[in-house]
Amino acid sequence: MAILKSFKGYRPKKEFVNQVASRPYDVLNSSEARDEVKDNPYSFLHVVKPEVDLPEDVDLHSDQVYNKAKENLEQLIDNEMFFMDKEDFLYVYAQTMFGKTQYGIVGCSAVEDYMNDIIKKHELTRPDKEEDRMNHIRVSGFNAEPVFFAYPDHKDLDAIVAEVVKSKAEYDFSTEDGIGHHFWLIDEKETIRTIEEIFANEVKYTYVADGHHRTAAAALVGNERKKNNPNHTGKEEYNYFLTVLFPAGQLTIIDYNRLVKDLNGLTKKEFVEELSKNFIITLKGEEIYKPDSFHNFSMYLDGNWYSLTANQDTYDDNDPIRSLDVNVLSEAILEPLLDIADLRKSKRIDFVGGIRGLKELKRRVDSGEMEVAFALYPVSMKQLMDIADTGNIMPPKTTWFEPKLRSGLVIHSLD
């Protein structure tokens, strides 16, 4: 069963929270981050992307960068922009987008659960990205950004959260993208104990939704500290890391679409003829067409949109991998027709999150940068959990979660 633990969070003062809260480190590059912090010395990007305060030619993985993160975080605490809660709390972090609100419980998950596969994963991680986040944690001594987890829907947890959010939120603000962020303290000891017991006794697994590298890094640093501490007891804070856990039924996965630079030597007519062997093709014309169900794809080619409906022999809905449309796309189009076998390494393919809309696909094809675009129907949470439960791994760039968690609302010290 899953461990969820309360902790003494470090949080920004209420009057500064809107300025502090930042986008996560991995959704913008260094140049974009520098622009974002120009007029905001309090942005948490100074901590999670500390190169914004260093020369532009700095090595992003140098000791100088990680030391700057530590310095900037310590300055926020020393200047009393951040303070530590006096007791161990849990928290509720809710986000509102397009009129829909999702409610997450903020607490600490256990390093041991990661090592024992109680925390389920659905993506591979890259060692270089793991090491980057590990160094950030090692040097700063904090989990500076939470990881986005899901857990199976649970009525009793829903009821507890619903009661908590009846009170006035500790933080309540909207960001420039129109997303509302709401944050409550769970400070009643009995409520905290009940939530922790429900997880310990009734929640068999939790699932990494977004943030596999941060999860791996946090768990590996915690395990590293355990091995290096001859007086280890198991109660140290480094045995836990910062997570926000949402009920799976409240989450929305957005489509993650593909663009390809060329048709691998095929003419447009030849390409469409090859597609017709595995898909029912319907010309939709110039008006944007969005896939309306599993195994239905949208293609934009030469100024026109097409509906592609996969033939039944291209997928197997009883198989967690072969049921995925990203797998159908790869096995029926990308590999055999376009000679793109390794999505991680190929320079001829690019990926666009559905939050940017299908107009972005059209724009990039019309510009001549790309030759063809494919839009997919979003993966379901059930598919994600089935993949994770069976120990399988999703193909690269399969899931896109929105809204993203803001960084800096609460952080967790390893000491």
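The table below lists the values:
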{"item": "Hits in region 33-44 (condition: in a helix (DSSP H, G or I) and either surrounded by 14 or more Cβ atoms within 10 Å (Cβ to Cβ) or modelled with pLDDT under 95 (or both))", "result": "Ala33, Arg34, Glu36, Val37"}
{"item": "Filter pass, Tyr91 being outside any helix (DSSP H, G or I), at negative phi and in contact (Cβ under 8 Å) with a residue 60 or more places away in the chain", "result": "yes"}
{"item": "Selected residue (criterion: farthest from Val27 (Cα to Cα)) from residues of region 218-236 that are of a type outside the set (D, E, K, R) and assigned to a helix (DSSP H, G or I)", "result": "Asn228"}
{"item": "Residue among Val272, Val244 that alone is at pLDDT 95 or above, of a type in the set (A, V, I, L, M) and part of a helix (DSSP H, G or I)", "result": "Val272"}
{"item": "Pairs, first over 17 Å from Phe297 (Cα atoms) in region 322-346, second in a helix (DSSP H, G or I) and among the hydroxyl-bearing types (Ser, Thr, Tyr), C-beta under 8 Å, six or more apart", "result": "Ile340/Ser330; Leu343/Ser330"}
{"item": "Any hit, region 250-262, residues being closer than 30 Å to Leu414 by Cβ and either touching a Cys at 6+ places or on another chain (Cβ under 9 Å) or part of a loop (DSSP other than H, G, I, E, B) (or both)", "result": "yes"}
{"item": "Test for Asp26: is it at pLDDT below 95 and either in contact with a helix residue (DSSP H, G or I) (Cβ under 6 Å, 6 or more places away or on another chain) or part of a helix (DSSP H, G or I) (or both)", "result": "yes"}
{"item": "Of residues in region 188-217 being acidic (Asp, Glu) and assigned to a helix (DSSP H, G or I), the one surrounded by the fewest Cβ atoms within 10 Å (Cβ to Cβ)", "result": "Glu190"}
{"item": "For Leu124: the one exception among (1) within 25 Å of the chain's Cα centre (by Cα); (2) surrounded by fewer than 20 Cβ atoms within 10 Å (Cβ to Cβ); (3) in a helix (DSSP H, G or I)", "result": "(3)"}
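The rows are residues; the columns are (1) more than 28 Å from Gly178 (Cα to Cα); (2) surrounded by fewer than 21 Cβ atoms within 10 Å (Cβ to Cβ); (3) outside the structural domain of Asp313 (by TED's automatic domain parsing); (4) small (Gly, Ala, Ser).
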site: Ile333; (1), (2), (3), (4): yes, no, no, no
site: Asp339; (1), (2), (3), (4): yes, yes, no, no
site: Asp342; (1), (2), (3), (4): yes, yes, no, no
site: Lys347; (1), (2), (3), (4): yes, yes, no, no
site: Gly357; (1), (2), (3), (4): no, yes, no, yes
site: Leu361; (1), (2), (3), (4): no, no, no, no
site: Ser367; (1), (2), (3), (4): yes, yes, no, yes
site: Asp389; (1), (2), (3), (4): yes, yes, yes, no
site: Met394; (1), (2), (3), (4): yes, no, yes, no
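The values are calculated or read from the model by the stated rules, or taken from the named source; none is laboratory data. These figures come from a predicted structure and were not determined experimentally. For neighbour counting, all protein chains shown are included, and Cβ atoms are generated from backbone atoms with ideal geometry for every residue, glycine included.
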